[in-house]
Amino acid sequence: MSVVKRPSQKSKWYIPGVLTGLGITIRHMFFNLLHRKDIFTIEYPEERYPYSDRFKGNHILTVKKDGSLRCTACMLCATYCPAECISITAAEHDDPNVEKYPISYEIDILRCVFCGLCEEACPVDAIRMGPEHQTAALAGSRFVYDINKLAYRPNLKGGVLSHVDDEERKARGL
Ligand code: SF4
Ligand code: SF4
């Protein structure tokens, strides 16, 4: 049996509660206006929070010294990706020293969980996760990042060089 209590006359009288809440809000507003340095929020986008270099944000496909992609289309990143959001199409390279390269490399960023496993799995430092975190876009298709976006977007200034360069690869007899 459920017993529903009638609300007391006192609890029906809500104006004191509203005024108390308003008083707390106004108190905090004036505190924040007078102690702007002590508040934790920042005025984004004018102010940006400095994320650590280790922050795993938007992906970057690194490049060789000649500007071509470092990726060898080995598929390790796509295999390890738990969200199955990486799709790669491989092709034979004209250079007999290069087995394969990606003619298409896409990441569906809306499915990505930013776990970093692709970066960990890559044997040649061809994919990294950088400090960028703004992924807003107006159209759904803008959330599928292709090679141009991953390797040559303007803020990468021509591409990020891979640590594994051609000389090292040759020296290791790969
Ligand atoms: S960060 Fe994780 S989920 Fe995102 S592409 Fe890499 S492996 Fe997949
Ligand atoms: S990014 Fe690295 S792991 Fe992924 S296909 Fe290219 S070389 Fe392989």
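The values are calculated or read from the model by the stated rules, or taken from the named source; none is laboratory data. Since the structure is predicted, the reported quantities are computational estimates derived from the model, not experimental observations. Positions of Cβ are backbone-derived with ideal geometry, glycine not excepted, and every protein chain shown enters the neighbour counts.
Taking V4, is it exposed (fewer than 10 other Cβ atoms within 10 Å of the Cβ) and without any contact (Cβ under 8 Å) to a residue 40 or more places away in the chain?
yes
List the number of the failed condition for G116; all other conditions in (1) touching a residue at least 12 places away in the same chain (Cβ under 8 Å); (2) exposed (fewer than 15 other Cβ atoms within 10 Å of the Cβ); (3) farther than 29 Å from Y44 by Cα hold.
Failing condition for G116: (3).
Being more than 15 Å from ligand 1 (Cβ to nearest atom) and either touching a helix residue (DSSP H, G or I) at 6+ places or on another chain (Cβ under 9 Å) or more than 13 Å from H59 (Cα to Cα) (or both) is true for just one of A126, A121, A137. Which residue is that?
Selected residue: A137, the only one of A126, A121, A137 that is more than 15 Å from ligand 1 (Cβ to nearest atom) and either touching a helix residue (DSSP H, G or I) at 6+ places or on another chain (Cβ under 9 Å) or more than 13 Å from H59 (Cα to Cα) (or both).
Out of curiosity, is S141 among the hydroxyl-bearing types (S, T, Y) and more than 13 Å from ligand 2 (Cβ to nearest atom)?
For S141, the condition - among the hydroxyl-bearing types (S, T, Y) and more than 13 Å from ligand 2 (Cβ to nearest atom) - is met.
Filter the stretch 126-142 for residues that are surrounded by 12 or more Cβ atoms within 10 Å (Cβ to Cβ) and closer than 20 Å to F55 by Cα and give the result.
Within the stretch 126-142, A126, I127, R128, M129, G130, P131, E132, H133, T135 meet the criteria.
Consider only pairs whose beta carbons are under 7 Å apart and that are at least six residues apart or on different chains; among these, list those whose first residue lies in the stretch 91-110 and is under 30 Å from G140 (Cβ atoms) and touching a residue at least 40 places away in the same chain (Cβ under 8 Å) and whose second residue is more than 15 Å from ligand 1 (Cβ to nearest atom) and of a type in the set (S, T, N, Q).
Short answer, once both residue conditions are applied: P102/T89; S104/T89.
Provide a single number: the residues in the stretch 138-147 that are of a type outside the set (A, V, I, L, M, F, W, C), at pLDDT 95 or above and not in a loop (DSSP other than H, G, I, E, B).
Residues flagged as of a type outside the set (A, V, I, L, M, F, W, C), at pLDDT 95 or above and not in a loop (DSSP other than H, G, I, E, B) within the stretch 138-147 amount to 1.
Being modelled with pLDDT of 85 or more and of a type in the set (S, T, N, Q) is the filter here, so list the residues in the stretch 36-75 that pass it.
Result: S52, N58, T62, S68, T72.
Given the residues T89, T41, T79, which is the only one that is loosely packed, with under 14 Cβ neighbours inside 10 Å, within 16 Å of ligand 1 (Cβ to nearest atom) and among the β-branched types (V, I, T)?
None of the other options fit; the residue is T79.
Before we move on, is Y105 at pLDDT below 95 and hydroxyl-bearing (S, T, Y)?
no
Residues that are within 16 Å of ligand 2 (Cβ to nearest atom) and under 14 Å from the mean Cα position of the chain (by Cα): find the strands (runs of 3 or more DSSP E) completely inside the stretch 29-137 holding 3 or more of those.
Those strands (runs of 3 or more DSSP E) span 59-61, 127-129.
Output yes when any residue across the stretch 161-168 is more than 19 Å from V98 (Cα to Cα) and either of a type in the set (S, T, Y) or modelled with pLDDT of 85 or more (or both), and no when none is.
No: the stretch 161-168 contains no residue that is more than 19 Å from V98 (Cα to Cα) and either of a type in the set (S, T, Y) or modelled with pLDDT of 85 or more (or both).
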